[in-house]
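Heads up: the structure comes next, in structure tokens.
Just so you know, all these numbers are worked out from the coordinates, no wet-lab data involved. Everything quoted here is computed from the prediction, not taken from an experiment. Every residue, glycine among them, receives a Cβ derived from its backbone with ideal geometry; neighbour counts consider all protein chains shown.
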Amino acid sequence: MESAGSLAKELRNWSEVADFYRRASELYIECGRSQPASDALTKGARVLEEVVPEEAIKLYTDACAILEEDGKEQMAFDLYRAATSVYIKLEKFTDAAATLLRWGLAADKCNATNSQCKAYLSAIIVYLYLHDSTQAEKCYNDCSQIDAFLRSDQNRCATKLLSAYAEGDVEEIKHIAQSSTITHLDHVIIRLARKLPTGDVAALENNASKEQEEPLDENDLT
Amino acid sequence: MSVIDIRFRVDAICKKFDKYDVEKQRDRNAHGDDAFARLYSAVESDLDAALEKSQRAAVETNRASSAALNAEVRRTKARLMEEIAKLYKLAQKKVKGLSKDDQMTRNDLVLALQERVQAIPDGTIAPHKQSGGWSASTSRENIKFDSSDGHLQDGFFQQTEEASQFRHEYEMRKMKQDEGLDVISEGLDTLKDLAHDMNEELDRQVPLVDEIDNKVDRAASDLKNTNVRLKETLFKIRSSRNFCIDIILLCVILGIVSYLYNALR
């Protein structure tokens, strides 16, 4: 079935490519071999990345699901990484962030703390790139619940980044983006981080302060 | 008889015959009641001793011992200056049996002695070739209370120039060290990240390697079995009885073929 898939790729028969690879993976699952099943889906996704990225993403996510069912999350890291990069290429940042959080979850299950913390930091950066500091802070708060992230280098970097955003200090943001912690992340994320800050950081700061003023007004009224 | 005994005996004999020592008697008689002359000769001998010590300090390579010798020389000098003050007073006193000229010369003698005492080098004037302020501690100038202000200011300025130069150098070195430490810290960060990733990668590969191990074990035992069976089969095939039978049958076949060939020709 896989050879049929690669032949279809040569023929540029894209829908058939996906179908062939899916059929191949189903057959593998029937044999009870999950790893080759996910491998087949990955191959199909890689082939379709350039041409039909949405299909590729679907294949990637299905592959990840198969591995997670089988308890082999470690193998899924590469798939998550590929899926994230495709999402970012498509500029679907919220989906990218969601994938990163799922990656973090998978890393948590197999106690890969370094990958987990990196995934969370990448998610925060993606939200900041969207110029959505509230989302980023929410994400940060969620991640802080996790012990391993709280104790890590990446957490410190995230705190610095968020405080720099809160203060509207562009220089500081640029300086943090150059730091070694961010350089160790995936290169797609590094590119996003280097482009920070997007938009007007001062405006963000005004919004934040305005939000703080409203509760005071309520107090005055009552 | 040991050396100590000899020494004691010699000392006793010398003491006994001291009154016959011509030179000693001459000195004592010469100075006799003259306190000035006595003090003068004492100061002179001390001065010579101090001069010798300072010369030794100059050639001494060990800084600690040279510093100690210099300190001793300085102490001796201070003491000698006090004695010279006493000498001054004595010089004014009139001594019988001394001419007026002699009295005058005594003052001059004391002055000359004072100059000689002050001229003894005692390591306070160190050369200024050392950089920074390290020489500041050794090249402390003599604190004079009644010296003119201009003189003081000059000395002050030199000190602060050296001190500021030293401070500047210290700041530069600190900055360079900080830069170096930054580079090292970046390198260490990268190493830490690499190590973490390697750790996770190895964790990932542990179950894979276990599986490989099992599969390879199975394959190895299969191969062993196959080999054994192959050996048995080969033995059976190559047994000599089968060989002879094969040769005979071959000859028979050849015979039949040649007969047929002849018959058909």
Review point. In a shell of Cβ-Cβ distance under 15 Å around A:HIS184, excluding A:HIS184 itself, what net charge do Lys and Arg (+1) and Asp and Glu (-1) give?
Key: -2
Practice item. Using only Cα atoms, find the angle between the long axis of helix A:34-48 and the longest principal axis of chain A, and express it within 0 to 90 degrees, rounded to the nearest 10. Key: 80 degrees
Point to revise | Mean separation of Cα contacts under 8 Å, 6 or more apart, over the residue count of chain A: relative contact order % | key: 11 percent
**Study point:** Length-normalised contact order for segment A:63-109 - Cα pairs under 8 Å, 6+ apart - percent
**Key:** 39 percent
**Study point:** Tilt relative to chain A, helix A:113-129 - C-alpha long axis, 0 to 90 degrees, to 10
**Key:** 70 degrees
Exercise for review: Could you work out the local net charge near B:LEU113, counting Lys and Arg as +1, Asp and Glu as -1, over the other residues with Cβ closer than 13 Å to its Cβ?
Suggested key: -3
Check your understanding: Placing +1 at every Lys and Arg Cβ and -1 at every Asp and Glu Cβ, with all other atoms neutral, what dipole size does segment B:207-264 have around its Cα centre, in debye to the nearest 20?
Key -> 380 debye
**Study point:** From phi via Karplus (6.51, -1.76, 1.60), per-residue ³J(HN,Hα) for segment B:253-261 in Hz, x at Gly/Pro
**Key:** 4, 4, x, 5, 5, 5, 4, 4, 4
Exercise for review: Using the structure shown, select from A:LYS43/A:LYS109; A:LYS160/A:LYS195; A:LYS72/A:LYS92; A:LYS138/A:LYS160; A:LYS72/A:LYS109 the pairs with a Cα to Cα distance greater than 19 angstrom.
Suggested key: A:LYS43/A:LYS109; A:LYS72/A:LYS92
Exercise for review: Rounded to whole Hz and in sequence order, give me ³J(HN,Hα) for segment A:14-29 from the Karplus expression 6.51 cos²θ - 1.76 cosθ + 1.60, θ = phi - 60°, writing x for Gly and Pro.
Suggested key: 4, 5, 5, 4, 4, 4, 4, 5, 5, 4, 4, 5, 4, 4, 4, 5
Study note, to complete from the structure: Taking chain A and counting helices only, DSSP H stretches of n ≥ 4 at -39,500 (n - 2.57) each over all residues, the nearest-500 ellipticity at 222 nm comes to -26000 deg cm²/dmol
Exercise for review: Under 1.5 on a/c is rounded, so check that first for segment A:3-61, then, if it is not, pick prolate when a/b is larger than b/c and oblate when it is not; a ≥ b ≥ c are the square roots of the alpha carbon gyration tensor eigenvalues.
Suggested key: oblate
Study note, to complete from the structure: Measuring from the longest principal axis of the C-alpha atoms of chain A, the long axis of helix A:133-144 (C-alpha) lies at a number of degrees, nearest 10, equal to 70 degrees
Revision key, fill the gap. Row for chain A, column shape: gyration tensor on C-alpha, a ≥ b ≥ c, rounded if a/c < 1.5 i.e. under 1.5, prolate if a/b over b/c, else oblate; value prolate
